[in-house]
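A.B. asks: Can you read through this structure? Questions will come right after.
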Amino acid sequence: MQGKAQLSDSNRRIMELDAPPRRVYQAWKGSNLFFLGGRLIFGPDVRSLVLTVCLIVVPVIFFAATVCPQLGHEFHSQIGGWVASVAVIFTAYILIVLLITSGRDPGIVPRNTHPPEPEDIDESSNLPDCPGGQQGSTGLPPTRDVLVNGVSVKVKYCHTCMLYRPPRCSHCSICNNCVERFDHHCPWVGQCIGKRNYRFFFMFVSSTTVLCIYVFAFCWVNLRRIMDTHQCKIGRALLKSPISGLLILYTFIAVWFVGGLTSFHIYLISTNQTTYENFRYRYDRRTNPYNLGVGQNFIDVLFSRIPSSKHDFRAKVKADSSTFASSLSMGRVLSPPKTSVDLEMGMKRQAVAAEDFEDLHSQIGSAMGLERCGTEPPHFVGRKGCSEMSPDIEAFAEEFGMEGGLSERKKIERRTNDDS
């Protein structure tokens, strides 16, 4: 039974080797969702993106279909068509920026497969002593000091990613990733906002603000034109164009939200802060090591080069082949294949390479070739009869199709024992 179980385990490992290799996005440890074969990465709350798109597109459809034709009729010109065209094109631009914000890597830091060595940490010149002498379960201090523009900044150890987070990095509990220059997790775009997509997030928010003002303004123009043409008050004008009134109310409410958010992020950019830092650290009360001046801050945040992603989500997962580091001729127990854990994969596989099979066959053959006591090496002297095959060797011999050699070996041992 034990031999059959080992044989089935071996068959399973061989089937894993024959199976198509998995890709990084298929073995991802975080909570992200991937689309188009790993080309797009979203947060786990990506469904909220549908609501965001509807809140933008539906009002523009009503605006272009009802208000703009009325503008053309009231002004007796093609102005309605031009106004509608600008609104549609600008909306398409906003949706593209929204997709870029939501569907790209925000700056995820690769995880480690194991914690850093405490010896390496202790040698760091900027590592402070732990408060009270306490350390984490890994034996590593919870924080360490790094210098940023001449200012000492504490960075924390992330037990999930098993690394000391870079400055301005934080672990998002929703996406379960450490993100560089973490700003916040935005439920409206269904993604973390970090170093690689903050610029597009700001473009999305500010462009949406402009679109709200645009629709609001032309709806008012339409109502005013109706009032002037028909010599009526606002109430009767609203009866003639109720969609204009609804859009004025809708955009007035929306502009307080997206407009306020735009103003807040303009302040953050001018001081080179993130939303997380503003609410957690309050740099206005102490020195902000990242503040380079208003002009340089805008250049640094909005016009600097966006770094490439540290992940290739479509790359194939690499599985390291394992070897059997044991000597069969000495009767040692075979060590099981080592488990291979790939960085950022979260997947464990056991693999045996083709050369390992050949090596195993040769070692079993050499062990079975010891048919006479005189041929035994010195360390077998003193044993009863000829050397015996260990149960592990027998099981592996059966597993790799060498049952015939084993049975002949056992017959020779029995005859030798009877003669003695």
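A.B. asks: Taking the options ARG332, ARG282, ARG286, ARG314, name whichever one is at pLDDT below 90 and surrounded by 13 or more Cβ atoms within 10 Å (Cβ to Cβ).
C.D. replies: When all the criteria are applied, what remains is ARG332.
A.B. asks: Still on this structure: Out of curiosity, is PHE182 open to solvent by 10 Å² or more (accessible area, probe 1.4 Å), at pLDDT 95 or above and part of a helix (DSSP H, G or I)?
C.D. replies: No.
A.B. asks: So is SER241 over 23 Å from MET203 (Cβ atoms) and small (Gly, Ala, Ser) or not?
C.D. replies: The answer is yes for SER241.
A.B. asks: Which helices (runs of 4 or more DSSP H) does segment 23-111 wholly contain that include 1 or more residues that are among the aromatic types (Phe, Trp, Tyr) and without any contact (Cβ under 8 Å) to a residue 60 or more places away in the chain?
C.D. replies: So the answer is 79-103.
A.B. asks: Determine which single condition PHE62 fails, assuming it passes every other condition in (1) of a type outside the set (Val, Ile, Thr); (2) open to solvent by 20 Å² or more (accessible area, probe 1.4 Å); (3) modelled with pLDDT of 95 or more; (4) within 16 Å of SER102 (Cα to Cα).
C.D. replies: Failed condition: (4).
A.B. asks: List every residue pair whose Cβ atoms sit under 8 Å apart, with the two residues 6 or more apart in sequence or on different chains, where the first one lies in segment 267-296 and is under 14 Å from ASN149 (Cβ atoms) and among the hydrophobic types (A, V, I, L, M, F, W, C) and the second, anywhere, is modelled with pLDDT of 90 or more and open to solvent by 30 Å² or more (accessible area, probe 1.4 Å).
C.D. replies: Every condition considered, the pairs that remain are LEU292/ASP300.
A.B. asks: Here's something else I'd like to know. So LEU147 ticks every box in (1) surrounded by fewer than 19 Cβ atoms within 10 Å (Cβ to Cβ); (2) touching a residue at least 40 places away in the same chain (Cβ under 8 Å); (3) at negative phi but one. Which box is left unticked?
C.D. replies: So LEU147 meets the others, but not (2).
A.B. asks: Here's something else I'd like to know. Scan (1) open to solvent by less than 10 Å² (accessible area, probe 1.4 Å); (2) outside any helix (DSSP H, G or I) for the single condition TRP188 breaks and write down its number.
C.D. replies: It is condition (1) that TRP188 fails.
A.B. asks: Condition (residue is on the phi < 0 side of the Ramachandran plot, touching a strand residue (DSSP E or B) at 6+ places or on another chain (Cβ under 7 Å), buried (at least 23 other Cβ atoms within 10 Å of the Cβ) and assigned to a helix (DSSP H, G or I)) applied to segment 193-205: is it met by at least one residue?
C.D. replies: So far as segment 193-205 goes, yes, one or more of its residues are on the phi < 0 side of the Ramachandran plot, touching a strand residue (DSSP E or B) at 6+ places or on another chain (Cβ under 7 Å), buried (at least 23 other Cβ atoms within 10 Å of the Cβ) and assigned to a helix (DSSP H, G or I).
Listed here are the residues, each with its yes/no results for (1) open to solvent by less than 40 Å² (accessible area, probe 1.4 Å); (2) in a loop (DSSP other than H, G, I, E, B).
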position: CYS219; (1), (2): yes, no
position: CYS232; (1), (2): yes, yes
position: PHE252; (1), (2): no, no
position: TRP256; (1), (2): no, no
position: SER270; (1), (2): yes, no
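A.B. asks: Being open to solvent by 40 Å² or more (accessible area, probe 1.4 Å) and of a type in the set (Val, Ile, Thr) is the filter here; which residues of segment 155-173 pass it?
C.D. replies: Passing the criteria: only THR160.
The values are calculated or read from the model by the stated rules, or taken from the named source; none is laboratory data. If you're wondering where the values come from, they're calculated on a predicted model, not measured in any experiment. Please note: Cβ atoms are built from the backbone with ideal geometry, for glycine as well, and neighbour counts cover all protein chains shown. All accessible areas refer to the heavy atoms of the entire protein, side chains included, with ligands and DNA or RNA removed. Shrake-Rupley method; radii C 1.70, N 1.55, O 1.52, S 1.80 Å.
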